[in-house]
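A short worksheet on the structure shown next.
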Ligand SMILES: [Zn+2]
């Protein structure tokens, strides 16, 4: 057995020496991972039975990997877990790798879950590191060696083009977002788990959140307008369940106070939110979604074990819920497809065309293509986009129709719209 040893300087070494007597969990998950470490561990996961593929590369050429852990029987439900979108949020990266190890049976058995049951009908896809350039900068900076508010490393949140990848889901301008979006289109997950860390109070070491910030974990479902009510409902149910599990004490913080952001199930209050977040975008395109965040930005390696374990437990609780409600998730996806088509005027379908310089129109069409929105050539050679289009109607309307309900509301809130014309110099005309 090959072991990975991380020295106190954070250097990754390979070793054949037995580490008997050392607690492996702390050894592995206590530290901030480097992109190189993620490659080593994902190679180990491949040897243990996962399907591991390089699905793309970052701007600086680092690999973005997809770890697929197949169902042990016929897969019914697909879960996609996304980590490492922000380079200064290290715990989810370690957590997603730890989860994969758990599911593949590497390391100690988990006493809380029957992991074979969790995998029986569920295919688990994991992207442990979406923004390797950001994490590389964070890792190389060494700022994680001790906690401190001044070490939040904002500059490592973004990718090498200084773009926040979790605000790039409308136009998909970055290679990292494009890679992830194309995976999303391929996998068509029933559930997307979006793992992050959040900012808390400053000071060195950072202080515990006070009573006004009395939460250590934040869970957010999909309370957004335009998301199919069935998806909102099941996202809410999933969030409630995961919150309960964490509050029960499976999190190392003991009974944690989970903060929930939610508009609730169907019929309850909904939030108008821009479609440029992974969480809104994935929900609009048919995935039940849960955002899990632990307090972690600026903490460096402080309480790393606790933060990682909380994320792992949130993932395991999700998989447990999915295993028990597989049929619900399948039905919800069907309901969403119907809902998506009804977003266009019921009486008539919509048709749009684009005007502008050829290069700008091409740029706009590329965005549509990346989203899987189809167009044809009109009699005068200009593109014609007809809606509804199964599964992408919501996204298409957000990009094309300035007067659609979503854009109207976002304009009022000064949080949008995210029309194509914001990204390239094209005029969209309704035909
Ligand atoms: Zn984040």
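The values are calculated or read from the model by the stated rules, or taken from the named source; none is laboratory data. Owing to the predicted nature of the structure, the values given are computational and were not obtained by experimental measurement. Here Cβ is always computed from backbone atoms with ideal geometry, including for glycine, and neighbour counts include all displayed protein chains.
Scanning segment 153-181 for residues that are in contact with a helix residue (DSSP H, G or I) (Cβ under 7 Å, 6 or more places away or on another chain) and within 12 Å of residue 82 (Cβ to Cβ) turns up 165, 166, 169, 176, 177, 181. Pick from 195, 184: which is modelled with pLDDT of 95 or more, away from the ligand (no atom under 16 Å from the Cβ) and either touching a helix residue (DSSP H, G or I) at 6+ places or on another chain (Cβ under 6 Å) or assigned to a helix (DSSP H, G or I) (or both)? Step by step, each of 195, 184 is checked, and only 184 is modelled with pLDDT of 95 or more, away from the ligand (no atom under 16 Å from the Cβ) and either touching a helix residue (DSSP H, G or I) at 6+ places or on another chain (Cβ under 6 Å) or assigned to a helix (DSSP H, G or I) (or both).
Of all residues in segment 151-189, count the ones that are free of Cβ contacts under 8 Å to residues at least 60 places away in the same chain and over 22 Å from residue 419 (Cβ atoms). Walk me through it before giving the result.
Here is the first cut: in segment 151-189, the ones free of Cβ contacts under 8 Å to residues at least 60 places away in the same chain are 155, 162-163, 177, 186.
Still in the list and also over 22 Å from residue 419 (Cβ atoms): 155, 162, 186.
Of the residues in that region, 3 qualify.
Being modelled with pLDDT of 95 or more, within 16 Å of the ligand (Cβ to nearest atom) and in a loop (DSSP other than H, G, I, E, B) is a description that applies to residue 87. Set side by side, the residues 154, 150, 176 differ, and just one is within 16 Å of the ligand (Cβ to nearest atom), within 21 Å of residue 304 (Cα to Cα) and not assigned by TED's automatic domain parsing to the domain that holds residue 399, which is 154. From the list 46, 65, 78, the one residue that fits, being in contact with a strand residue (DSSP E or B) (Cβ under 7 Å, 6 or more places away or on another chain), outside any strand (DSSP E or B) and either at pLDDT 95 or above or crowded, with 18+ Cβ neighbours inside 10 Å (or both), is 46. Within segment 312-326, residues that are over 11 Å from residue 241 (Cβ atoms) reach partners that are at pLDDT 90 or above and in a helix (DSSP H, G or I) with beta carbons closer than 6 Å, at six or more positions or on different chains, in the pairs 312/95; 312/98; 312/99; 315/99.
Only residues that are more than 15 Å from the ligand (Cβ to nearest atom) and closer than 14 Å to residue 130 by Cα: list them for segment 162-171, please. Selection gives nothing. Restricting attention to segment 257-286, the residues that are at pLDDT below 90 and surrounded by fewer than 22 Cβ atoms within 10 Å (Cβ to Cβ) total 14. Within segment 122-147, restricting attention to residues that are assigned to a loop (DSSP other than H, G, I, E, B) and surrounded by fewer than 24 Cβ atoms within 10 Å (Cβ to Cβ), which residue is nearest to the ligand (Cβ to nearest atom)? Across segment 122-147, the extreme among qualifying residues is 147.
Of the helices (runs of 4 or more DSSP H) lying entirely inside segment 295-411, the ones with 1 or more residues being surrounded by 18 or more Cβ atoms within 10 Å (Cβ to Cβ) and at pLDDT 95 or above are found at 326-341, 358-370, 393-400.
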